[in-house]
1. In the list 384, 408, which residue meets the criterion of being in the same structural domain as residue 249 (by TED's automatic domain parsing), assigned to a helix (DSSP H, G or I), under 28 Å from residue 308 (Cα atoms) and of a type outside the set (Phe, Trp, Tyr)?
2. Exactly one of these conditions fails for residue 88: (1) buried (at least 21 other Cβ atoms within 10 Å of the Cβ); (2) at pLDDT 85 or above. Give me its number.
3. So if I check each of 59, 96, 78, which one is of a type in the set (S, T, N, Q), over 19 Å from the mean Cα position of the chain (by Cα) and at pLDDT below 70?
4. Determine, yes or no, whether residue 222 is at pLDDT below 80, outside the structural domain of residue 327 (by TED's automatic domain parsing) and either surrounded by fewer than 20 Cβ atoms within 10 Å (Cβ to Cβ) or charged (D, E, K, R) (or both).
5. Among the residues of segment 433-454, write down those that are closer than 20 Å to residue 312 by Cβ and either within 23 Å of the chain's Cα centre (by Cα) or not hydrophobic (A, V, I, L, M, F, W, C) (or both).
6. Taking the stated definitions as given, is residue 265 closer than 17 Å to residue 65 by Cα, aromatic (Phe, Trp, Tyr), at pLDDT 85 or above and assigned by TED's automatic domain parsing to the domain that holds residue 372?
7. Of these, 284, 326, which one is of a type in the set (Val, Ile, Thr), farther than 29 Å from residue 85 by Cβ and touching a Gly at 6+ places or on another chain (Cβ under 8 Å)?
8. Which condition from (1) modelled with pLDDT of 80 or more; (2) surrounded by fewer than 23 Cβ atoms within 10 Å (Cβ to Cβ); (3) touching a Leu at 6+ places or on another chain (Cβ under 6 Å) is the one that residue 194 breaks?
Amino acid sequence: MPTEGSPVRTADEQHGGEDRANWGSSLRQGLVWSAAAFVASKALALAAIVVLARLLAPSEFGLLAAVVAYIAVIELGSDLGMKATIIYEQERGVSSRIQTAFTLNLALAAALSMVGVALAPLVAGFFGVAGHTDLFRLGALNLLLTGLGNTHDALLLRDMSFILRIRPQVVRDLVRGVVAIALAVAGFGAAALVIGHLAGTAAWCAVQWIMSPLRPRLQFDRAIARSMIGYGRASAMLEVLAALTSRIDVLVIGGLLGSLALGVYTIAFRLPDMLIASVAYTATVVAFPALARKRDEDRGSLAGATLQLLRYQALYALPLGAAVATLSVPLINVLFSPTWQAAAPVMVPIAIAAAVRASVFPLGDTLKAAGRQGTLVRINLLAIPALIGGCVLAQDDGITAVAWAIAIVIAIVGSLQTGAVRQLLGLSWQQLGAALLPALTTALGVLAGSGAVRLLWDSLDVTALLAGAVAGAAGGFVALRWLATATYVDLTRQLRGVVPRRRIRAVAGS
């Protein structure tokens, strides 16, 4: 049974030295292709939301948010950590361990799906929408569909096959958007959103089965299950707590402030989530298997790899968070219409929270790759009551105050995670600060550029939005180029290394 901090070795074929030598190239390629998947799928999702925001009322978006939060809760730990275990173990091929993982995952997903259907009336009553109980029952079926494709997805991640992984993701978001819009036009209301969500998950699962070499069998080996659950147990607990931490805001806001406030929060949350938080998730999808492979090769190199990931993740998240926060008013006006202007002040703390959370994501991946999920579990156990308490204390001042309370708690949680990784890897605060300094410098440049446009130009149309975005990008570039020169030079070198150059060789006699 694997213990905390110890890598797992199986009798199956292990990765060879040639694969390890290409770690940096695989990581860069993985980040690029995962980013491409993100851009494609989230562009589709954003387009669908923009259309649906003009077809549906805020309360209907609030109802969808409640159903999705319910799905997230009943999915907690639904694979017993098997997905993370497959990535962590780093074996090759489709072995008995993979078949056992699939069987465990599917059995638990089916059981929890039935529990979700049974509890739907209670949850609908909690959100004050008892007349829509059937939507919560329908949403519970998403868990079963996800369970059918989770193991296939884990194999793609284990093998760092990020190009192939794009296809089911794009198909999922395309189907979700098309089905939801078609049903909304037909007058299905909030049901259009829930059915679209299910249709997208079903399409994702179908593409996974078509692409993957895994042909699942219901196979159960008690010894294998016991050894895999040794690592997976902590991973499952972490998934439970991480999902609660990321969705507890929706549950608390829906219960305290009602569906109208939840609808406003959902719209304010949408853009930071797509542009910042989802990219962080996309990066962690690459970083966890890459760091697990790095640990398997040379545990001592984890510190340098972690600092590198932290530097570039923050370099993306913090400047973009500054831009979204500064331009929140014209962004809401242009993308979602003036009807949603109440969401603009709420978007500011949400963007800041998303930027902070995204910046420290690689630190969580390092803890998981080192087998220290227990540390993340303890941090999340502190975060959940803190988030609930912050929301309760701020509720009397409205949804914007609640969003600020959430941002403060997330910043505290990020500092705890940073301290844990510092202790694990023997890093100094100066090293961590040096990794974050280029991102902070660039964010200040973005804030100066886009902020100047907002102060001098009070228009809310698309021209003012584009001017603010261009000015922010220019300010960030200048700050990075002249105040963080070493990072700028390294970044350009890394970007050049993403696309390998082809050498043209002259062949005699050709």
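1. Working: 384 fails: under 28 Å from residue 308 (Cα atoms).
Sole residue among the options that is in the same structural domain as residue 249 (by TED's automatic domain parsing), assigned to a helix (DSSP H, G or I), under 28 Å from residue 308 (Cα atoms) and of a type outside the set (Phe, Trp, Tyr): 408.
2. (2)
3. Of 59, 96, 78, the one residue that is of a type in the set (S, T, N, Q), over 19 Å from the mean Cα position of the chain (by Cα) and at pLDDT below 70 is 59.
4. Considered against the rule, which asks whether it is at pLDDT below 80, outside the structural domain of residue 327 (by TED's automatic domain parsing) and either surrounded by fewer than 20 Cβ atoms within 10 Å (Cβ to Cβ) or charged (D, E, K, R) (or both), residue 222 comes out as yes.
5. Within segment 433-454, 433, 435, 436, 438, 439, 440, 441, 442, 443, 445 meet the criteria.
6. yes
7. 326
8. For residue 194, the failing item is (2).
The values are calculated or read from the model by the stated rules, or taken from the named source; none is laboratory data. Treat the numbers as computed from the prediction; the structure is a model and nothing was measured. Methodologically, a virtual Cβ is constructed for each residue, glycine included, from the backbone with ideal geometry; neighbour enumeration extends over all protein chains shown.
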